[in-house]
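Please read the structure below before turning to the comments.
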Amino acid sequence: MPGQLRKVIIVGAGPAGLLLALRLAQHNIKVTIFEATPSPSEQPRATHYGPPAVYELRRAGVLAEMQKDPDCFRMNRMCWRKLDGTYLSGFDQNDLDQDGKTYEDRTTVLALNKVVKVLGTLVGQCEDAIVKYGHKVLPGVEQDSDKAWVTVQRVADGVEEKHWADYIVGCDGAGSQVRRSLFGDWEFPGYTWDKQIVATNTYYDFSKFGWEDSNFIIHPDHLFMAARISETEQLWRVTYTEVNGLTNEEIQARQATKFKEILPGNPNPEEYKVVLTSPYKIHQRCAPSFRVGRYLLAADAAHLCNPFGGLGLTGGIVDVGGLADCLIGIHQGKTSDKILDEYSRVRIEKYRTIIDPISTENFKRLYDQDADKALEKDEFLKMLKTIEGDIEASRKVQLGSLGILHDFTTDFDGKSSSYEQNTLGSKLEKVDNATVTITPVVN
């Protein structure tokens with residue numbers, strides 16, 4: 001079915017790029033994805049998708065395919081603890097269910113490499129989408145009133161190709177070449193945390209100690225989070241902080257001592273098995289704009305935040321859900337390209353007013369207070385303690401995470417779009433914006 005957009009180019013075949021391509025191709029927009037790596041990443045990376053992300057995955061038809069994996073599950077309880085395991089407070093996502101029906105957008109858990117595989121399969125089934133691996137986008141910006149261009153180098157033989165599209169979307173991660181071409185290599189406002197993060201996948205039976213699906217441990221030196229990441233086995237994501245400046249070898253050498261200090265039961269190495277160790281730096285950064293003419297940015301290419309709360313991955317998925325709505329609206333003649341300025345404005349505002357401050361608070365909560373006094377001085381934890389047993393209050397608080405969503409179809413020339421049944425409006429009516437601080441997930 002012909003429309004106003006002839007072609008969209010997406011740079012990056014991670015979850016954001018693939019999800020955007022899927023949404024566009026489902027509405028007969030021709031899409032080409034260029035990805036520098038030779039094949040999809042097999043690294044597990046993130047694992048938890050908060051309610052706003054699950055909403056986007058569900059309406060794209062991705063969630064149903066994810067749920068076919070035996071390791072995919074809906075998270076139940078999350079809590080905060082002292083280092084000795086003492087429970088402080090938490091919440092139960094079962095409180096989101098109503099009238100005997102499971103809340104369909106509850107936090108869902110599945111390793112990101114598996115989600116990328118699902119997305120790749122779905123995109124591969126679309127006649128209007130193609131993914132080209134081993135194609136590296138080179139520096140440069142070229143556009144006019146009709147189209148934009150990108151120069152791509154084939155990694156296998158070094159041959160350079162020039163491609164045009166109505167819009168070029170950078171979904172190419174934290175080191176985005178698209179963003180660096182637009183603003184310069186060093187123009188990514190924000191800061192890098194002075195803490196070293198180490199994410200691990202670890203086989204250990206936390207459940208025998210009565211731990212919940214997701215646990216945040218408060219301690220100035222030994223903060224960490226532990227979250228169950230498999231439905232079929234005792235595989236957990238354990239993420240902790242380490243001394244700055246250590247090499248990967250030094251981190252590995254210190255790990256047994258660290259785990260004996262922090263894990264419940266103070267286990268010896270033979271009592272657990274670490275199958276992945278991934279050290280990384282964490283950042284709070286946001287690009288000056290998510291639109292420069294016919295170039296657009298989304299997800300990690302546009303903004304970064306620390307992982308304590310899962311707002312990076314969830315925020316990125318929400319970005320592309322909204323951007324897809326905007327591009328589909330343009331394609332179907334329901335709005336002008338001015339909607340893309342609104343996309344940039346709104347998503348930056350969501351970052352600055354919700355994602356950045358809340359993810360920062362989530363992280364500081366774990367190291368910047370005395371756990372013994374947390375229930376006296378931490379307003380968030382005090383509030384959770386106060387509403388224990390109050391299902392309606394718990395539900396209202398947890399739905400606060402939907403505050404990062406925005407229905408761009410209501411901005412289409414003053415009219416709501418009719419191209420799909422939109423359920424977001426009813427969702428947002430239930431959101432108390434004062435509660436958006438308290439629905440973190442674990443990654």
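Structure above, values below:
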{"read-out": "Selection status of SER417, of a type in the set (S, T, N, Q), touching a Ser or Thr at 6+ places or on another chain (Cβ under 8 Å) and modelled with pLDDT under 95", "value": "yes"}
{"read-out": "Subset tally (residues that are surrounded by 13 or more Cβ atoms within 10 Å (Cβ to Cβ), modelled with pLDDT of 95 or more and among the charged types (D, E, K, R)) for the stretch 267-284", "value": "1"}
{"read-out": "Selection count where residues are out of contact with any Asp or Glu (no Cβ under 9 Å at 6 or more places or on another chain), surrounded by 18 or more Cβ atoms within 10 Å (Cβ to Cβ) and of a type outside the set (Ser, Thr, Tyr), scope the stretch 184-211", "value": "4"}
{"read-out": "Answer from GLY265, GLY333 - the residue that is in a loop (DSSP other than H, G, I, E, B) and more than 30 Å from HIS163 (Cα to Cα)", "value": "GLY265"}
{"read-out": "Neighbours by Cβ (under 7 Å, 6+ apart or cross-chain): first from the stretch 136-156, free of Cβ contacts under 8 Å to residues at least 12 places away in the same chain; second assigned to a strand (DSSP E or B)", "value": "GLU142/ALA148; GLU142/TRP149"}
{"read-out": "Helices (runs of 4 or more DSSP H) contained in the stretch 1-111 and holding at least 3 residues touching a helix residue (DSSP H, G or I) at 6+ places or on another chain (Cβ under 9 Å) and closer than 30 Å to TYR295 by Cα", "value": "15-25, 51-59"}
{"read-out": "Of residues in the stretch 99-117 being buried (at least 23 other Cβ atoms within 10 Å of the Cβ) and either hydroxyl-bearing (Ser, Thr, Tyr) or over 16 Å from the mean Cα position of the chain (by Cα) (or both), the one nearest to GLY309 (Cα to Cα)", "value": "THR107"}
{"read-out": "Whichever residue in the stretch 174-183 is touching a strand residue (DSSP E or B) at 6+ places or on another chain (Cβ under 7 Å) and among the hydrophobic types (A, V, I, L, M, F, W, C) and, among such residues, is surrounded by the fewest Cβ atoms within 10 Å (Cβ to Cβ)", "value": "ALA174"}
{"read-out": "Residue count, the stretch 324-356 (criterion: of a type in the set (Ser, Thr, Tyr), crowded, with 19+ Cβ neighbours inside 10 Å and over 19 Å from LEU304 (Cβ atoms))", "value": "1"}
{"read-out": "Filtered residues of the stretch 221-261 (kept if exposed (fewer than 14 other Cβ atoms within 10 Å of the Cβ) and either among the aliphatic types (A, V, I, L, M) or more than 26 Å from the chain's Cα centre (by Cα) (or both))", "value": "ASP221, VAL243, GLY245, THR247, GLU249, GLU250, ALA253, THR257"}
{"read-out": "Filter result (loosely packed, with under 14 Cβ neighbours inside 10 Å and within 30 Å of GLN98 (Cα to Cα)) within the stretch 359-381", "value": "GLU379"}
{"read-out": "Entirely in the stretch 273-322, the strands (runs of 3 or more DSSP E) that have 1 or more residues that are closer than 22 Å to LYS7 by Cα", "value": "295-297"}
{"read-out": "Inter-residue pairs, beta-carbon under 7 Å, first within 17 Å of ARG237 (Cβ to Cβ) and in the stretch 112-126, second charged (D, E, K, R) and modelled with pLDDT of 95 or more, 6+ apart", "value": "LYS114/ASP69"}
{"read-out": "Verdict on ALA287 being crowded, with 23+ Cβ neighbours inside 10 Å and more than 16 Å from the chain's Cα centre (by Cα)", "value": "yes"}
{"read-out": "Some residue of the stretch 303-316 being at pLDDT 95 or above and over 12 Å from the mean Cα position of the chain (by Cα)", "value": "no"}
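The values are calculated or read from the model by the stated rules, or taken from the named source; none is laboratory data. Just so it is clear, the model here is predicted, and its values are computed rather than measured. As a convention, Cβ positions derive from the backbone with ideal geometry for all residues, glycine included, and neighbour counts pool all protein chains shown.
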